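Structure record follows, encoded as structure tokens.
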Number of protein chains: 2
Amino acid sequence: MSTRGRGLHGHVLDTLGPAITAGEYPPGSVLRTDELAQRFEVSRSVMREAVRVLESMHLVESRRRVGVTVRPTAEWNVYDPQVIRWRLAGADRPRQLRSLTVLRSAVEPVAAGLAARHATAEQCAELTECALGMVATSRGQQLEGYLVHDVAFHRIVLNASGNEMFARLGDVVAEVLTGRTHHQVMFEDPDPAAVTLHVQVAEAVRAGDADRAESLTREIAVGALRELDVLAP
Amino acid sequence: MSTRGRGLHGHVLDTLGPAITAGEYPPGSVLRTDELAQRFEVSRSVMREAVRVLESMHLVESRRRVGVTVRPTAEWNVYDPQVIRWRLAGADRPRQLRSLTVLRSAVEPVAAGLAARHATAEQCAELTECALGMVATSRGQQLEGYLVHDVAFHRIVLNASGNEMFARLGDVVAEVLTGRTHHQVMFEDPDPAAVTLHVQVAEAVRAGDADRAESLTREIAVGALRELDVLAP
DNA sequence: GACTCTTGAATTAGTCAGACCTAATGCGTT
DNA sequence: AACGCATTAGGTCTGACTAATTCAAGAGTC
């Protein structure tokens, strides 16, 4: 999925991107286009295209007579899904998961409140279906199935909010949830309280109760943050 | 500021980017690299680099034997600062301002709460300074000066939250505030209630009162949303 | 006759190599 | 300290070639 056949420059990015975001080339490091082209055994044109993409992500800056300089972390486009994926695959995955979870805790409650006002009947039905799916897979080592419904649930809420910026966080949430399931204890079933809360959120959205949908989602978020505190100091 | 001298491909992007995000080429439209290169009077290499950048923003997709296809709006990287700037300069600026303001209303209260816990003494001082600056420029047609302090205030709060994702929204908030000041009624002085709230937020952060900082900031956000409702149906 | 499968021609992006241009940088001279 | 020039690495252009994908025409089948 990550290594789509976007051509040679894509392959270069799949190697260079993770290397830079992982801090392998610390901010201030200087790379030279020609040297990189030789190392990756591609032409200068291809390497230039790759550099342009990294530049548009604000990961590097290209200057004449100097080379390609890695920019400070604070300037990176950390909302770029590609950058998020690269960083989640790297060493500071825990820190990244925490940042994203805090973001979720801010956004999702408001999104749920808006969803309660704007969700269509179809979206309400899908939401309920997801919640029931979560209940059905909440016991007996069915974490993969649970994950699917969980991701779908949050994606629907974000979409139903009617806010474009919220909707585009669906992928981020999916990455966070997937990361949590795949890189932490797979032995225990999900927290029963969280399952119940999801069902209640679905009900609140269906009933059009914005305040209740928001505060219930806030409880889910608090739970997710607490879970992170327990598993990662 | 927008037209940085990033070379020819930058100039192409400054024209093509706004055109695409403005819907001048609706999703599904097909462009051809060679034709574009001719129209912009640049070589294919330069045009290819520009297309690669647009591709990394998920604005277009390049396929063999087909051309460069404009992707559906729902797939765009709407958090890319460049895309945000392009869209804010375009026709659906009002819709965009609303989306971003709703995002602010979700994020900033949580950020303020975290800032109350993590802000350094220096950040607290800067925050108070900004709040005082806002008070000083709140009367007598000093909207430009007020804007500077307002932007700085929110930027400090987001930075002081200690969360990287929040911090990177500083530019977005700056764009929103600037847009509000420059494209709406410039005659009236800012709402006195909002000024007071900013001062109180600075106090709450300094006092380490997270709950108070959060709820006060939520009031600011509600005010901003109400202001939008009044000025844009 | 309608349908499916194969094949090949047309088209467009992808890649490469080499040449030349341009602008910063850094050093040596004055 | 100020100036100027050589160096260096990115910026641009060109032309040729490669490769993938679409589309349509034709062969084969039911």
Checklist line | Surface accessible to a 1.4 Å probe, B:Asp191 within the full protein complex, Å² | finding: 90
Notebook entry, point to check: Could you give the dipole magnitude of the protein assembly as shown about its Cα centre, charging the beta-carbon of Lys and Arg +1 and that of Asp and Glu -1, in debye to the nearest 20?
Noted result: 1600
Notebook entry, point to check: Using protein heavy atoms only (no ligands, DNA or RNA), what is the total accessible area buried between B and A, 1.4 Å probe, nearest 100 Å²?
Noted result: 3200
Check: What size of dipole, in debye to the nearest 20, comes out for the stretch B:55-206 about its Cα centre when the only charges are +1 on Lys and Arg C-beta atoms and -1 on Asp and Glu C-beta atoms?
Finding: 720
Check: With Cβ to Cβ distances under 10 Å as the rule, what net charge do the other residues near B:Cys124 carry (K, R +1; D, E -1)?
Finding: -3
Checklist line | Structure-based [θ]222 nm, the protein assembly as shown - -39500 (n - 2.57) summed over DSSP H runs of at least 4, per residue, nearest 500 | finding: -22000 deg cm²/dmol
Next item on the list: Can you tell me the FRET efficiency between A:Arg95 and B:Thr73 if r is taken as the Cβ-Cβ distance and R0 is 35 Å, rounded to the nearest 0.05?
Entry: 0.65
Check: Which chain A residue comes nearest the axis with its C-beta when you rotate A onto B, and by how many angstrom?
Finding: A:Tyr79, 2
Margin query: Over 23 Å apart: what share of the alpha carbon pairs of the stretch A:1-107 falls there, rounded to a whole percent?
Written below: 27
Note to self: Taking the 0 to 90 degree range and rounding to the nearest ten, how far is the long axis of helix A:170-182 tilted relative to the main principal axis of chain A, both from C-alpha atoms?
What the structure shows: 90
Notebook entry, point to check: What is the local net charge at A:Leu59, summed over the other residues whose Cβ is closer than 10 Å to its Cβ (Lys, Arg +1; Asp, Glu -1)?
Noted result: -3
Margin query: Need the C-alpha centroid separation for the stretch B:129-197 versus the stretch A:60-75, integer Å.
Written below: 30
Next item on the list: Put a label point 7 Å from Cα along the Cβ direction on B:Gln142, then list its distances to the equivalent points in the other copies in nm, shortest first.
Entry: 6.5
Notebook entry, point to check: What longest region of chain A stays clear of GluC sites (Glu not before Pro) that DSSP places outside H, G, I, E and B and that have at most 14 other Cβ atoms within 10 Å?
Noted result: A:42-187
Notebook entry, point to check: How much accessible surface area, in Å² rounded to 10, belongs to the heavy atoms of A:His183 with a 1.4 Å probe?
Noted result: 120
Margin query: Can you tally the net charge around A:Glu108? Count Lys and Arg as +1, Asp and Glu as -1, for every other residue whose Cβ sits under 12 Å from the Cβ of A:Glu108.
Written below: +1
Next item on the list: Using a 1.4 angstrom probe on heavy atoms only, work out the carbon and sulfur share of the accessible area of the stretch B:113-199 in %.
Entry: 58
Next item on the list: Choose one of A:Gln142, A:His183, A:Val157: the residue whose Cα lies farthest towards the positive end of the charge dipole of the stretch A:137-186 (beta-carbon charges +1 Lys, Arg; -1 Asp, Glu; about the Cα centre).
Entry: A:Gln142
Check: Where in the stretch B:160-199 is the amide nitrogen less than 12 Å from a point lying 7 Å along the Cα-to-Cβ axis of B:Val230?
Finding: B:185, B:188-194
Checklist line | Candidates A:Arg87, A:Arg48, A:Arg39, ranked by Gaussian network fluctuation over chain A, Cα under 10 Å, top entry | finding: A:Arg39
Check: Quick one: which bits of the stretch A:66-80 get at least 40 Å² less accessible when the partner protein chains are in, versus the chain alone, with a 1.4 Å probe?
Finding: A:Asn77, A:Val78, A:Tyr79
Notebook entry, point to check: Taking square-rooted eigenvalues a ≥ b ≥ c of the alpha carbon gyration tensor, is the stretch B:3-46 rounded, prolate or oblate, where a/c under 1.5 means rounded and, failing that, a/b exceeding b/c means prolate?
Noted result: oblate
Item checked: For A:Ser43, label point 7 Å along C-beta direction: distances to other copies, nm -> 1.1
Next item on the list: Give the nm distances, rounded to one decimal, from B:Gly23 to the matching residue in every other copy, measuring between label points 7 Å along Cα toward the beta carbon; shortest first.
Entry: 4.6
Item checked: Computed E for A:His118/B:Arg64 - FRET, C-beta separation, R0 41 angstrom, nearest 0.05 -> 0.50
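The values are calculated or read from the model by the stated rules, or taken from the named source; none is laboratory data. Because the structure is a prediction, the values reported are computed rather than measured. Here the Cβ is made from the backbone with ideal geometry for all residues, glycine too, and neighbour counts use every protein chain on show. For the accessible areas, the whole protein counts, side chains as well, though only heavy atoms, and no ligand, DNA or RNA atoms are used. Shrake-Rupley method; radii C 1.70, N 1.55, O 1.52, S 1.80 Å.
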